[in-house]
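The numbers here are math on the coordinates, done by the rules we state, and not lab data. Keep in mind it's a predicted model, so treat the numbers as computed, not measured. Positions of Cβ are backbone-derived with ideal geometry, glycine not excepted, and every protein chain shown enters the neighbour counts.
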Ligand SMILES: Nc1ncnc2c1ncn2[C@@H]1O[C@H](COP(=O)(O)OP(=O)(O)OP(=O)(O)O)[C@@H](O)[C@H]1O
Ligand code: SF4
Ligand code: SF4
Ligand SMILES: [Mg+2]
């Protein structure tokens, strides 16, 4: 239920379909001051816009240090003391960065659920997982005692935790990584948020468990209508679950488009490189004969944010002098946005239309279902 | 041409007084010029097996051979004269370098230990660093000043110093960014092609193994459940566990999500403390039959070169 407590201009915010987006971010910037006062400041996020609707999955993808986590931490209000934020973040109709601190914490606590890579880190080790979720229910929904516990168990069950009454008595360290992540997701849902922010939630998990947890997240988005921002370095994971993908590079969005279109016809050279590096299948020769001896590589390192020109230019095979001087703006491109002077020409660039990486095995051939295993028992 | 061959390896540990059968009867070989991927979920015993195959841990039972020479004997003792032939590269390079020693000195240690003089070792270190694509000036730096990718290259250089025939790499790219990961994988591919080195590549990431291995061995709870050429195993994974693993890697296709009906493997990787009766995969197997609960399947050959430990392995072929 949308809990728009203090009504904003424009009428009641508690209607079934509020007219505002679930999350609206404008010109977000995050700067880390160097801790020892000697090193240079780091511009981690350099002006990004995001809009999320309910029931939508947006994935933020990019290399280490591209600013994905800084973006999420800024939205969740969890940046360390040496960071400063500017821009606007509209949640449930409020510009939370403009609110006084206590109101901001309340709106965030109710409106945003957060899930981290290491589920241990977001769960207090001294509380049983049940009391931890009870606590969220008390603070944000005023539930107590048996009512709270019943809701806690329902949340755990909803997140695929079997035998929730017993599991609620467990401490986080007594659970496996996959179960801890399910508990962390239940805790993130407890306040009834409109937005869930998940930072690499499956990176530390085994492949089979990763698939289960991604299924759970996608199911929650569909059933509960929350908006999910999923941060991952793995473009294949993003493609698997996201409606839209935003590729980040050096603190900015390089490309943001519907997942299928971005995977099929990337509009930014960096997306092309990421895609080549991310896909699990072995590269083949153009003519399909034999196996290439090497994988596609993206050489060099990401430039620091905030320099002149396009920050991808030093690694970009298409860079021109113009690129090195003037940073390309994020402009409409085939269903989304791309920041590249040469986005329009990319289609003719070898390696874009016919990806170097092709699945050799149609996945259908390895789904137990498609292969038609005989029924159980016998 | 050299082949490293583990035979009948068993290894159990004790955890809170109970035996954990980490490796429970495994044969595995790697030859010069090939990359063998050993893949499985966390805790399946792959790192223990890797350590045994380089002579860093002793098996309770079984032997490791280098061609016709016995490298690890049934009593667990290691033939030291053969040690240099098999080298290990770890997951976390920062943990495997002495933080107070320069990178060059660490890389040269195996040479100095083998009696190579200071000058000679230095010269060889420079060659090795160049071979793995590192600027030789990094030899004089401390490990903490190198990036993870650079230091992993240095770790590979160090492993190459004794001129081994076989490298065993335990999750060498697990903590790396996609761009750095591709560079390290390419380095391994180059070493295989240009120097004919054999590589045992241990990983929980089927996607990565898929990209570089010539042969794969899929491990589950201390056993190899399916092995064969990459081609054949991916064309038709016969073991239900291999299938589930394959179906759980995102492929870059956006239809993965729409396939809500794809049966995912239920449950979590189990612990080796309580190995189930019969087929150890049966509690999670979507197609288990009664026989699976009592009868432990052994590896059976499927031409041309695949072996599968599953009572129903034939049926994958019938319906494909
Ligand atoms: N607490 C901090 N103090 C100073 N600089 C920081 C801090 N945290 C992050 N940074 C810097 O901010 C930039 C963006 O970092 P961020 O953590 O957002 O990247 P990321 O995209 O999440 O990377 P990864 O994939 O490694 O998690 C980097 O240059 C990083 O070094
Ligand atoms: S603007 Fe130029 S340098 Fe930047 S990505 Fe596009 S082509 Fe490459
Ligand atoms: S032997 Fe039975 S339980 Fe084991 S994998 Fe095959 S079908 Fe499944
Ligand atoms: Mg991060």
So how do A:264, A:63 line up by other beta-carbon neighbours within 10 Å, fewest first? A:264, A:63
Residue A:166/residue B:290 FRET efficiency (R0 35 Å; Cβ-Cβ; nearest 0.05): 0.75
Taking A:173, B:311, A:268, B:94 and counting other C-beta atoms within 10 Å, the order from fewest to most: A:173, B:94, B:311, A:268
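Take every DSSP beta bridge whose two residues both sit in the protein assembly as shown, then give the antiparallel share in percent to the nearest 5.
Of those bridges, close to 65 percent are antiparallel.
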May I ask you to compute the full-extension gain from residue A:53 to residue A:157, defined as 0.36 nm times their residue separation minus their alpha-carbon distance, rounded to one decimal in nm? 34.8 nm
For residue A:304 and residue B:275, what does the FRET efficiency come to when R0 = 51 Å and r is the distance between their Cβ atoms, rounded to the nearest 0.05? 0.50
Per the Debye formula with a single identical scatterer at each Cα and no solvent contribution, what log10 I(q)/I(0) holds for the range B:3-213 at q = 0.09 Å⁻¹? -0.35
Using a Förster radius of 51 Å, what is the FRET efficiency between residue B:195 and residue A:86 based on their Cβ-Cβ separation? Nearest 0.05, please. 0.45
When chain B is treated as a GNM, springs tying every alpha-carbon pair under 10 Å, which of B:45, B:120, B:25 comes out with the largest mean-square fluctuation? B:120
What distance in nm separates the two pseudo spin-label positions at residue A:324 and residue B:130, each 7 Å out from Cα along the beta-carbon direction? 2.9 nm
Any idea how far apart residue A:103 and residue B:32 come out in nm if each label point goes 7 Å out from Cα toward Cβ? 7.6 nm
Cα-based radius of gyration of the range A:43-176 once divided by 2.2 N^0.38 Å, which approximates compact folds: 1.21
Note down the nm distance, to one decimal, between modelled labels 7 Å out along Cα→Cβ at residue B:98 and at residue B:305. 4.2 nm
Report the antiparallel proportion of the DSSP beta bridges in the range B:3-213 as a percent, rounded to a multiple of 5. 60 percent
